[in-house]
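Below is one structure, written out as C-alpha cells; comments come after it.
Nothing in this text is a laboratory measurement; each read-out follows from the coordinates by a stated rule. Small disclaimer: the values here were computed from a predicted structure and weren't measured. No Cβ is skipped: glycine too gets one built from the backbone with ideal geometry, and neighbour counts run over all protein chains shown.
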Amino acid sequence: MNSHEVLMLVARAADDKRAEDILALNMQGLSSIADYFVICHGNSDKQVQAIAREIKDKAQENEIEVKRLEGFDAAKWVLIDLGDVIIHVFQRDERSYYNLEKLWGDAPLENVSEAFSY
C-alpha cells in the first residue's frame with residue numbers, strides 16, 4: 001500500500017468509530033517524519049480508545065506495521081505511528097489545547113471525505 005492508500009484506510013477506520021473532525025495534513029516536503037498527519041478526536045476515554053484500536057486493527061489486517069502506539073491507557077492523546085502516516089487521536093479538550101492544526105498551519109489539507117461512509 002502506498003501512503004495515500006494507508007491514509008484513506010486510516011480515515012475510514014476513524015470514521016467507522018465516529019471520530020469527529022477528521023483532518024489529514026499533507027506533510028510531504030514539510031517534514032521528513034511522515035507523508036501525512038491525521039488528526040481527529042473522540043468525546044470520551046472509551047471512544048478515543050475505540051478509534052485507536054480500530055485504526056491499529058485495520059492496519060494490522062492490511063499488513064501495515066504499527067511502529068508505535070502511545071498514550072492508549074490514558075486516552076487523552078493517542079499517537080499511532082504507521083511510518084508514512086502518523087495519527088493523533090485526541091479527546092476534544094486536549095485537541096484544542098495542543099492545536100496541532102495551527103502548529104502545522106503550512107501543511108495543506110488532504111481531502112479524505114471519499115473514505116467516509118455516510
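Classification of region 29-70 by its C-alpha gyration tensor yields an oblate form. The axis ratio a/c (a ≥ b ≥ c) is 1.5 or more, and b/c is at least a/b. Packing order of peptides 92-99, 35-42, 11-18, highest average first: 35-42, 11-18, 92-99 (average count of other Cβ atoms within 10 Å over each peptide's residues). Extending 7 Å from the Cα toward the beta-carbon at both Glu70 and Ser113 defines two label points whose distance is 3.4 nm.
Peptides 19-26, 108-115, 60-67 ranked from most to least packed give 19-26, 108-115, 60-67, packing being the mean of other C-beta atoms within 10 angstrom over each peptide's residues. For the chain, the relative contact order works out to 31 percent when only alpha carbon pairs closer than 8 Å and six or more residues apart are counted.
Principal semi-axes of the equivalent ellipsoid, √(5λ) from the alpha carbon gyration tensor of the chain, are 18, 17, 14 Å from largest down.
Beta bridges per DSSP, both residues in region 16-117: antiparallel share near 65 percent. Counting only lysines at least 8 places from Lys46 when in the same chain, those with an alpha carbon closer than 23 Å to its own are Lys17, Lys56, Lys58, Lys67, Lys76. Secondary-structure-derived ellipticity at 222 nm for the chain, considering helices only, amounts to -10500 deg cm²/dmol, per-run term -39500 (n - 2.57) for DSSP H runs with n ≥ 4. Taking all C-alpha pairs of region 53-118, those more than 15 Å from each other amount to 63 percent. Neighbours of Tyr98 by Cβ distance under 12 Å: Lys/Arg scored +1, Asp/Glu scored -1, total +1.
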